[in-house]
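The values are calculated or read from the model by the stated rules, or taken from the named source; none is laboratory data. This is a predicted model, so every value here is computed, not measured. Here the Cβ is made from the backbone with ideal geometry for all residues, glycine too, and neighbour counts use every protein chain on show.
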Amino acid sequence: MANKIRFENGDWVQGRSREGELIHGFVEIVNSNREIVKVNVVESDNEKAVGKSIWIPSKWTEKLPDLSISNEAHLLTLIDLALLSKDEAWFMELSEKLASIKKHPKMITRKSEVLIPGNRIGNLDVNR
């Protein structure tokens, strides 16, 4: 079964290494014939694989959906990851998004958090 998905640098993927380890990471390099990709592993069931880059067949990987991150704390974490991976383009993209959020702050959008002024508890989980 040939994999028809076209990977690009920076795509988040999950799959298995040649040794059968579960991996989660981002594509660093796509081979010119697109049959193998170099993945920077950020999570794995083999802790020794985390932080390393490995080549794996693209048919053993699955592209993860793009997420829209609008939470400042999540963006800061991703900015740290971009710095660690030395991905300048991603760093600049995330930094611009963070600046936009700081410039135009939004109201709390999660239904599970309600801010009650004067309440010593602060947050009330309405789903309890």
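Worth a mention:
- The set of residues in region 5-25 that are under 20 Å from ASP87 (Cα atoms) and among the acidic types (Asp, Glu) comprises GLU8, ASP11.
- Only one entry of ILE69, ILE56 meets the criterion of being closer than 16 Å to GLY10 by Cβ and either surrounded by 13 or more Cβ atoms within 10 Å (Cβ to Cβ) or at pLDDT 70 or above (or both), and that entry is ILE69.
Conditions tested, residue by residue: (1) part of a strand (DSSP E or B); (2) under 11 Å from the mean Cα position of the chain (by Cα).
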residue	(1), (2)
VAL13	yes, yes
ASP66	no, yes
LEU76	no, no
LEU81	no, yes
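- Among all positions in region 83-99, there is at least one residue which is outside the structural domain of LEU22 (by TED's automatic domain parsing), on the phi > 0 side of the Ramachandran plot and not hydroxyl-bearing (Ser, Thr, Tyr).
- Within region 72-106, considering residues that are polar (S, T, N, Q) and modelled with pLDDT under 90, the one nearest to ASN33 (Cα to Cα): SER85
- If you go through region 31-51 and keep only what is within 18 Å of the chain's Cα centre (by Cα) and either at positive phi or surrounded by 14 or more Cβ atoms within 10 Å (Cβ to Cβ) (or both), you end up with VAL37, LYS38, VAL39, ASN40, VAL41, VAL42, SER44, ALA49, VAL50, GLY51.
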